[in-house]
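Structure first, then comments.
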Amino acid sequence: GAVVSQHPSRVICKSGTSVKIECRSLDFQATTMFWYRQFPKQSLMLMATSNEGSKATYEQGVEKDKFLINHASLTLSTLTVTSAHPEDSSFYICSASGLGMNTEAFFGQGTRLTVV
Amino acid sequence: AQKVTQAQTEISVVEKEDVTLDCVYETRDTTYYLFWYKQPPSGELVFLIRRNSFDEQNEISGRYSWNFQKSTSSFNFTITASQVVDSAVYFCALSGYNSGGSNYKLTFGKGTLLTVNP
């Protein structure tokens, strides 16, 4: 299957700072990328969907000004958690899909964010 | 609205036992896809299977098998002769046509934590 690389795998940041998480498709062009959030022992909740070159579509209840998503190229999407607070601590995981992949979406390894 | 229900929160078995993980879904889409993913403690999602709504054939892959019953909106997953390495959280997921565009997004169940004891 296609490879999606997510970086960093773990990050600890201070409250009030911003953190950027990268999601790269290594061997295909990702026309669509999805960002999910997973609380401990919970399911994955879709945060937003981004299409290359367009503004992201956020799910209800997700603050777009807090979770900035940029999908400027066909191989890279970034999620920036702005002014992070301890309650933003979570596991964030991206998935990417490309032309001809139908509903195949390949997942990154995930990023465990801890805000202290 | 789409919904995936995994009624079993946790299952514990002894090695070599067979175990079935249940998944029931709801959707208004006529075309949809069902998935199973494995999430080991490290966190990454491991893709196991995708099945489209028009293909009700059951599938077997090694010790894994899946039973898709459209009439009962279920897509159950069976592990035969379970092993300790099968211990993980297993998610069932559903994707359908995202309103307003051609994107598909996944709706996940809450997951089932499977523990296989030696």
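Mind listing just one residue for me: the one in segment A:56-78 that is surrounded by 18 or more Cβ atoms within 10 Å (Cβ to Cβ) and of a type in the set (A, V, I, L, M) and, of those, farthest from A:Leu113 (Cα to Cα)?
So, considering only residues that are surrounded by 18 or more Cβ atoms within 10 Å (Cβ to Cβ) and of a type in the set (A, V, I, L, M), the one farthest from A:Leu113 (Cα to Cα) is A:Ala56.
Would you point out the residue of segment B:50-98, among those that are over 16 Å from B:Glu26 (Cα atoms) and within 14 Å of another protein chain (Cβ to nearest Cβ), that is farthest from the chain's Cα centre (by Cα)?
Residue satisfying both the conditions and the ranking: B:Asp55.
Examine segment A:26-37 for a residue that is away from chain B (no Cβ under 13 Å), touching a residue at least 60 places away in the same chain (Cβ under 8 Å), under 14 Å from A:Ser97 (Cα atoms) and open to solvent by 90 Å² or more (accessible area, probe 1.4 Å), and state whether such a residue exists.
The initial filter retains those residues of segment A:26-37 that are away from chain B (no Cβ under 13 Å), namely A:26-29.
Then keep just the ones that are touching a residue at least 60 places away in the same chain (Cβ under 8 Å); that gives A:28-29.
From what's left, under 14 Å from A:Ser97 (Cα atoms): A:28-29.
Add one more test, that the residue is open to solvent by 90 Å² or more (accessible area, probe 1.4 Å), and what stays is A:29.
For segment A:26-37, residues away from chain B (no Cβ under 13 Å), touching a residue at least 60 places away in the same chain (Cβ under 8 Å), under 14 Å from A:Ser97 (Cα atoms) and open to solvent by 90 Å² or more (accessible area, probe 1.4 Å): present.
Looking at (1) more than 30 Å from A:Val3 (Cα to Cα); (2) in a strand (DSSP E or B), which one does B:Phe75 not meet, given that it meets all the others?
With respect to (1) more than 30 Å from A:Val3 (Cα to Cα); (2) in a strand (DSSP E or B), B:Phe75 is out only on (1).
Go through segment B:12-21 and count every residue that is surrounded by fewer than 18 Cβ atoms within 10 Å (Cβ to Cβ) and out of contact with any Pro (no Cβ under 9 Å at 6 or more places or on another chain).
Residues of segment B:12-21 that are surrounded by fewer than 18 Cβ atoms within 10 Å (Cβ to Cβ), as a first pass: B:12-18, B:20.
Those left that are additionally out of contact with any Pro (no Cβ under 9 Å at 6 or more places or on another chain): B:12-13, B:16-18, B:20.
Number of matching residues: 6.
Read through the list (1) open to solvent by 50 Å² or more (accessible area, probe 1.4 Å); (2) in contact with an Asp or Glu (Cβ under 8 Å, 6 or more places away or on another chain), then give the number of the only condition that A:Gly53 fails.
(2)
Name the residue that is nearest to B:Glu44 (Cα to Cα), counting only residues in segment A:97-112 that are touching a Phe, Trp or Tyr at 6+ places or on another chain (Cβ under 6 Å) and at pLDDT 85 or above.
Looking only at segment A:97-112, we keep the residues that are touching a Phe, Trp or Tyr at 6+ places or on another chain (Cβ under 6 Å), and these are A:98, A:103, A:110-112.
Still in the running and at pLDDT 85 or above: A:110-112.
Details: A:Gly110: 6, A:Thr111: 9, A:Arg112: 11 Å.
By that ranking, first place goes to A:Gly110.
Does segment A:84-101 hold any residues that are among the hydrophobic types (A, V, I, L, M, F, W, C) and either open to solvent by less than 30 Å² (accessible area, probe 1.4 Å) or free of Cβ contacts under 8 Å to residues at least 40 places away in the same chain (or both), and which are they? Walk me through how you get there before you give the answer.
As a first pass, look at segment A:84-101 and keep what is among the hydrophobic types (A, V, I, L, M, F, W, C): A:84, A:91, A:93-94, A:96, A:99, A:101.
Residues satisfying the conditions are A:Ala84, A:Phe91, A:Ile93, A:Cys94, A:Ala96.
Pairs, please: C-beta under 6 Å, at least 6 apart or cross-chain, first residue β-branched (Val, Ile, Thr) and in segment A:48-63, second modelled with pLDDT under 90?
Partner pairs satisfying both residue conditions: A:Thr49/B:Asn103; A:Thr49/B:Lys105.
Could you please give the count of residues in segment B:23-39 that are modelled with pLDDT of 90 or more and open to solvent by 60 Å² or more (accessible area, probe 1.4 Å)?
Selection size over segment B:23-39: 2.
From (1) over 16 Å from A:Ser9 (Cα atoms); (2) away from chain B (no Cβ under 11 Å); (3) of a type outside the set (S, T, N, Q); (4) open to solvent by less than 10 Å² (accessible area, probe 1.4 Å), pick out the condition that doesn't hold for A:Leu113.
(1)
So which pairs qualify, if the first residue must be in segment A:68-83 and closer than 13 Å to A:Ala30 by Cα, the second must be open to solvent by 40 Å² or more (accessible area, probe 1.4 Å) and in a loop (DSSP other than H, G, I, E, B), the Cβ gap must be under 6 Å, and the two must be at least 6 apart or on different chains?
What qualifies is A:His71/A:Glu52; A:Leu74/A:Gln29; A:Leu74/A:Glu52.
On the basis of being of a type in the set (Gly, Ala, Ser), at pLDDT below 95, under 20 Å from A:Arg37 (Cβ atoms) and loosely packed, with under 13 Cβ neighbours inside 10 Å, does B:Ser42 make the cut? Give the steps one after another, and end with the answer.
Details: of a type in the set (Gly, Ala, Ser): yes; at pLDDT below 95: yes; under 20 Å from A:Arg37 (Cβ atoms): yes; loosely packed, with under 13 Cβ neighbours inside 10 Å: yes.
Taking the combined requirement at face value, the residue satisfies it.
The values are calculated or read from the model by the stated rules, or taken from the named source; none is laboratory data. Computed from a predicted structure; not experimentally measured. Virtual Cβ from ideal backbone geometry, glycine too; neighbours counted across all protein chains shown. For the accessible areas, the whole protein counts, side chains as well, though only heavy atoms, and no ligand, DNA or RNA atoms are used. Shrake-Rupley method; radii C 1.70, N 1.55, O 1.52, S 1.80 Å.
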